[in-house]
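What follows is calculated from the coordinates using simple rules that are stated; it is not laboratory data. Every value quoted in this text rests on a predicted model; they were computed, and no experiment measured them. Cβ placement follows ideal geometry from the backbone for every residue including glycine, while neighbour counts extend to all protein chains displayed.
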Amino acid sequence: MDGIASEDSVQRAFLRGEEANYTWWMDGSMNKTFEPLLTEEWGLDIEGTVKTLHGKQEETGAGCNPTKPGRPSHV
């Protein structure tokens, strides 16, 4: 694996130097990784599972709960 830095090496390198240089390096690395994938066709397949919630819990909403319509749930 030539040319691939370990996570520890990158973390140590980021502790010194200018942030702008590291941002440039990160952008270039991400572009090399993801640009070839942008030419591929792909599809996103998501199957949601409804989790009925009881009581007052955070981040709940009246969603499409097929068994108890209008009740708080997470999907």
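Modelled label positions at residue 40 and residue 9, each set 7 Å beyond Cα in the direction of Cβ, lie 2.5 nm from each other. Chymotrypsin sites (Phe, Trp or Tyr not before Pro) within segment 5-44: which are DSSP loop residues with at most 11 other Cβ atoms inside 10 Å? Qualifying residues, ordered by number: 42.
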